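Notes follow the structure.
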Amino acid sequence: MKYKIGRVPVMKFGMVNAFILQSEMGTILVDTGVPNCEARFAAALAKMGLTLSDVSLIVVTHGHFDHAGNADKLRKLCNAPVLIHEREAKFCAGEEKMKLCPTGWVGRLLYQTGAPQSPFSYFQPEITVQGDDRFDLLPYGIPGYVTPTPGHTPGSISVVLEDGNAFVSDMVASGLGLGGIIPTGVAKRPPFEEQPQQVATELERLLGAGVTQFHLGHGFKLGAHAIERHIKRLKTL
Ligand SMILES: [Zn+2]
Ligand SMILES: [Zn+2]
């Protein structure tokens, strides 16, 4: 099945990304960006000849505010269900604050600003992925599936397409600072990460499942070699 990938530049220079996946059979969003960034989604959709009302599913990779922060608004504008993992639901409902484990100076700096835990328009998801379950995207017109990839947060999920493209959000980052600015081709840890060993295990699993292109929430996409090197580094932590 032919499909297209659109990147939504939630922030400039690849610092925060969301994605559009579109085929003749349907359109889905992967992540929703920070609060009030819907104009960027509308613009990215328009470039593909689409509008917000063409979206039939919104996949939220995890509960951090830079990925889940605009889910409530976008689902109303798109009139589409939001899918997240059950383990992130309490964070998205505002019932619990997410644990933040900074991995370096960017994380510590962000943590001090309070931005990563700032309130957003909380929501209950229409669809939840349970445990290790896969969620098939073919009924939404996209040749792939959602799979749990915990580690960055307990309920982080990724979208894996059958041609080797995957949307892994904050499992890995690339670039400088928050990620982005310059494509370095080198993987790095995102500003926050709860279980690096679990991330390594899940990245190995994705490589084993045939993923060759890793599209990221922060920074430019990476190939399998960069991910292999990153796994080795994570295992030394
Ligand atoms: Zn995150
Ligand atoms: Zn993030």
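Read the figures in this text as sums done on the coordinates, not as results from a lab. What you are looking at is a predicted structure, and each value in this text was computed from that prediction instead of being measured. Reconstructed Cβ throughout: ideal geometry from the backbone, glycine too, with neighbour counts over all protein chains shown.
P(r) of region 2-84 in 5 Å steps, Cα pairs, percent per bin?
3, 17, 32, 28, 15, 5, 0
When the helices in the chain are scored as -39500 (n - 2.57) per DSSP H run of 4 or longer and the sum is shared across all residues, what 222 nm value do you end up with, to the nearest 500 deg cm²/dmol?
Helix contribution divided over all residues of the chain: -7000 deg cm²/dmol.
Starting from the 7 Å offset along Cα-to-Cβ, what nm value, one decimal, do you get for the label separation of residue 39 and residue 235?
4.8
Going 7 Å from the Cα of residue 204 in the Cα-to-Cβ direction, what parts of region 127-159 have a backbone nitrogen less than 17 Å from that spot?
149-152
Once you have the Cα-Cα distance between residue 213 and residue 47, take 0.36 nm times their residue separation minus that, and quote the gain in nm to one decimal.
Details: separation 166, 0.36 × 166 = 59.76 nm, distance 2.26 nm.
Working it through step by step, the gained length comes to 57.5 nm.
Between residue 115 and residue 228, what length in nm is gained on full extension when 0.36 nm per residue of separation is reduced by their alpha carbon distance?
Extra length from residue 115 to residue 228 when fully extended: 37.5 nm.
Applying a 10 Å radius around every beta-carbon, put 109-119, 167-177 in order of their mean neighbour count, most first.
Details: 109-119: 12.6, 167-177: 24.9.
In descending order of packing, they fall as 167-177, 109-119.
Identify, among 154, 164, 192, the residue whose Cα sits farthest towards the positive end of the charge dipole of region 145-209, taking +1 on the Cβ of Lys and Arg and -1 on the Cβ of Asp and Glu, with the dipole about the Cα centre.
Among 154, 164, 192, the one farthest towards the positive end of the dipole of region 145-209 is 192.
Placing +1 at every Lys and Arg Cβ and -1 at every Asp and Glu Cβ, with all other atoms neutral, what dipole size does region 4-235 have around its Cα centre, in debye to the nearest 20? Write down the numbers at each step before the final one.
Values: 22 positive and 22 negative charges, 172 e Å.
Rounded to the nearest 20 debye, it is 820 debye.
Along the positive direction of the dipole of region 1-97 (beta-carbon charges: Lys, Arg +1; Asp, Glu -1; about the Cα centre), which of 43, 21, 71 reaches farthest?
Looking along the dipole axis, the top candidate is 43.
Considering only DSSP states other than H, G, I, E and B, which GluC sites (Glu not before Pro) in region 80-143 qualify as loop sites with at most 15 other Cβ atoms within 10 Å?
Listed in order of number, the matching sites are 95, 96, 126.
With the contact rule set at Cα under 8 Å and sequence spacing of 6 or more, what percent relative contact order holds for the chain? Don't jump to the answer; show the numbers that get you there.
Working: 570 pairs, mean separation 43.6, N = 237.
For the chain, the relative contact order is 18 percent.
Which whole-number percent of Cα pairs in the chain have a distance greater than 30 Å?
Numbers: 4270 of 27966 pairs.
Roughly 15 percent, rounded to a whole number.
Quick check on the chain: of the DSSP beta bridges with both residues there, what percent are antiparallel, nearest 5%?
On the way: 26 of 40 bridges.
Rounded to the nearest five, the antiparallel share is 65 percent.
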